[in-house]
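Chemist: Once you've had a glance at the structure underneath, I'll fire off some questions.
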Amino acid sequence: MGAWGSGIFQNDDASDWAAEFDEADPSERADLVTEALDTAVEDAAEGELDADVAGQALAAAALVARLSPGGGAVDLEGGPSATDVPGLEVDDTVRATAAKAARAAIDESSEWHELWSEAGSLDEAISPVTEILRVLEPTS
């Protein structure tokens, strides 16, 4: 994982996903979001969540959180400049999938977790994910 910081979009995988999102036709953006989230959830269920998939899922989860009620403070710096996602209804189901993907990314079994742990920066890398989860999983 090429990373220059611990922010959600401060690594090659998330940055590349954001660039692909921006360059995509707006009608294709919802698929990019759901594909990133679903792939991470599926790979985690199989016990093989690679860092690149986790990084892309965290990027998509950050965007979903930003588009969610109370998500205005979610940091998208370095992420997509476009936030219009026609066809993506940011409802409870989408937020739950985004939260599940984000939790899978930071789980001890993921390669993302392993790489940040080995770098000695796990707490710093998890901090922005905590903000995303706060928005995606609000307490009642």
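The values are calculated or read from the model by the stated rules, or taken from the named source; none is laboratory data. Computed from a predicted structure; not experimentally measured. Virtual Cβ from ideal backbone geometry, glycine too; neighbours counted across all protein chains shown. Note: areas computed on protein heavy atoms with side chains; ligands, DNA, RNA excluded. Shrake-Rupley method; radii C 1.70, N 1.55, O 1.52, S 1.80 Å.
Chemist: What ranking do 35-42, 96-103, 52-59 get when scored by the average of other Cβ atoms within 10 Å per residue, highest first?
Modeler: Answer by packing, highest mean first, reads 52-59, 96-103, 35-42.
Chemist: On to the next question. For P(r) over Cα pairs in 5 Å bins from 0, in percent, pick the label among (i) 2, 9, 17, 16, 13, 11, 9, 8, 6, 5, 3, 1, 0; (ii) 2, 10, 20, 23, 21, 14, 7, 3, 0; (iii) 2, 12, 23, 26, 22, 12, 4, 1, 0 that corresponds to the value derived from the coordinates.
Modeler: It is the value labelled (iii).
Chemist: Provide the per residue accessible area, probe 1.4 Å, for the chain, rounded to a whole number of square angstrom.
Modeler: Numbers: 7000 Å² over 140 residues.
Here the per-residue accessible area is 50 Å².
Chemist: Still on this model: In the P(r) worked out for the range 39-94, what percent of Cα pairs fall beyond 14 Å? The partial results should precede the final answer.
Modeler: Working: 914 of 1540 pairs.
Roughly 59 percent, once rounded to a whole number.
Chemist: Where the accessible area of the range 1-95 is counted over protein heavy atoms with a 1.4 Å probe, how much of it, in %, is carbon and sulfur?
Modeler: Numbers: 1790 of 4470 Å².
Whole-percent figure for carbon plus sulfur exposure: 40.
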